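The values are calculated or read from the model by the stated rules, or taken from the named source; none is laboratory data. If you're wondering where the values come from, they're calculated on a predicted model, not measured in any experiment. Heads up, the Cβs are rebuilt from the backbone with ideal geometry, glycines too, and the neighbour counts pull from every protein chain shown. For accessibility, only protein heavy atoms count, side chains too; no ligands or nucleic acids. Shrake-Rupley method; radii C 1.70, N 1.55, O 1.52, S 1.80 Å.
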Amino acid sequence: MPTRNGFWQEKLKAYIQDRTRELGDGHLALRPPTRQALERLLQDPLFQDQEAVLEAALTDPYFPLGQIPRTVLADVVGMRFFVSKRRPEIQGSLTRAVIAMARLFLRVREDLKRHGNPNRVTGIPLDGRPHPLSPSGWCRLCGTCCQIGGVRAVAPPGMTYPPAWVRMIQGEADPDQFLCPFLFQYFGREIYFCAIHRIKPRACADFGPEDCARCAQDIALHGL
Ligand code: SF4
Ligand code: SF4
């Protein structure tokens, strides 16, 4: 469904490419060409009235931009099926998924800013500086296992999650939720981390190397 000035997916991919490159170079502020790419995207009629939300999320150094081409925009290829993400009838739901991702990310970001003790919740301060992440052992921090609509929000012993977090963790906060909104990206690098790493749900804390191998196999089987 190309719009008058180009297909929104191409504009989004162009922005992601520019922004990823500049974050990787250590530039937090948008360079003029990246700003132009963002403006071209925000002017797309499919994002009308969502400009502020999208701009705030898409320019944040922790927003998981790199997950968008791997999930929302990725064709679904199986042994006997193929779903092209360019099909005109699904463009509305795909743009809603991007908007939901932005909206929920900002909600998490705001909650962590207001209430989160970085040492006890995320593990690093989320202050825009590249603090080293805790050693992740066997986990490559690829983020694939967090490409889920939800997981049961069973908190670590002795704590409870706020009701809004329960809804977000369980995928009930937005009908267009595509992946867990607590998944953050590390400054444009192919490194994804859990924004509530120290207090993540039990199913996530218990996820081990065998689950990881199974997850990779499932992805390979379905070509996602
Ligand atoms: S557990 Fe596996 S799938 Fe999940 S982030 Fe780590 S390496 Fe990736
Ligand atoms: S809570 Fe953290 S570990 Fe669990 S799915 Fe979300 S981002 Fe991944």
Can you list residues whose amide H is under 5 Å from residue 151's amide H, if they're 5+ apart or on another chain and H is modeled 1.01 Å from N?
170, 171
How large, in percent, is the carbon and sulfur part of the accessible surface of the range 38-98 at a probe radius of 1.4 Å?
54
Taking a crude spin-label model, label points 7 Å out from Cα along the C-beta direction, the residue 7 to residue 154 distance in nm is 4.3
Pairing the Cα long axis of helix 91-115 with the longest principal axis of the chain, what angle in degrees results, from 0 to 90 and rounded to the nearest 10?
40
Residue 206 versus residue 133: modelled label distance in nm, points set 7 Å from Cα along the beta carbon direction:
2.4
Sequence order, the range 19-29: Karplus ³J(HN,Hα) from phi using 6.51 cos²θ - 1.76 cosθ + 1.60, θ = phi - 60°, Hz rounded, Gly and Pro as x, gives 5, 4, 5, 6, 5, x, 7, x, 9, 7, 6
Using the basic label-point model (7 angstrom from Cα toward the beta carbon), what is the residue 89 to residue 35 distance in nanometres?
4.3
Report the calculated FRET efficiency for residue 172 and residue 25 (r = Cβ-Cβ distance, R0 = 35 Å), to the nearest 0.05.
0.35
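Classify the range 150-194 as rounded, prolate or oblate from the Cα gyration tensor: take a ≥ b ≥ c as the square roots of its eigenvalues, call it rounded if a/c is under 1.5, otherwise prolate when a/b beats b/c and oblate if not. Intermediate values should be presented prior to the final figure.
Numbers: a/c = 2.88, a/b = 1.42, b/c = 2.03.
Oblate.
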Give me the 1.4 Å probe accessible area per residue for the chain, excluding ligands and nucleic acids, in Å².
54
Given chymotrypsin sites (Phe, Trp or Tyr not before Pro), DSSP loops and at most 15 other Cβ atoms within 10 Å, the longest exposed-site-free stretch of the chain is 139-224
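Please state the shape class of the range 39-159: rounded when a/c is under 1.5, otherwise prolate if a/b exceeds b/c and oblate if not, all from the C-alpha gyration tensor. Let's see the in-between values first.
Values: a/c = 2.06, a/b = 1.39, b/c = 1.48.
Because a/c hits 1.5 or more and a/b fails to exceed b/c, the range 39-159 counts as oblate.
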With x for Gly and Pro, the residue-by-residue ³J(HN,Hα) of the range 182-190, computed from phi through the Karplus equation 6.51 cos²θ - 1.76 cosθ + 1.60 at θ = phi - 60° and given in whole Hz, is 8, 7, 10, 9, 9, 6, x, 8, 6
Just to be sure I understand: with springs between alpha-carbon atoms less than 10 Å apart, which residue in 170, 147, 48 has the highest mean-square fluctuation in the Gaussian network model of the chain?
48
On full extension of the chain, what length is gained from residue 110 through residue 51, given 0.36 nm per residue of separation minus the C-alpha to C-alpha distance?
19.4 nm
Net charge contributed by nearby residues that have their C-beta within less than 12 Å of residue 96 (K/R +1, D/E -1):
-1
How big is the charge dipole of the chain about its Cα centre, in debye rounded to the nearest 20, if each Lys and Arg gets +1 on its Cβ and each Asp and Glu gets -1 on its Cβ?
160
Between residue 216 and residue 82, the FRET efficiency computed from the C-beta separation at R0 = 22 Å comes out, to the nearest 0.05, as 0.55
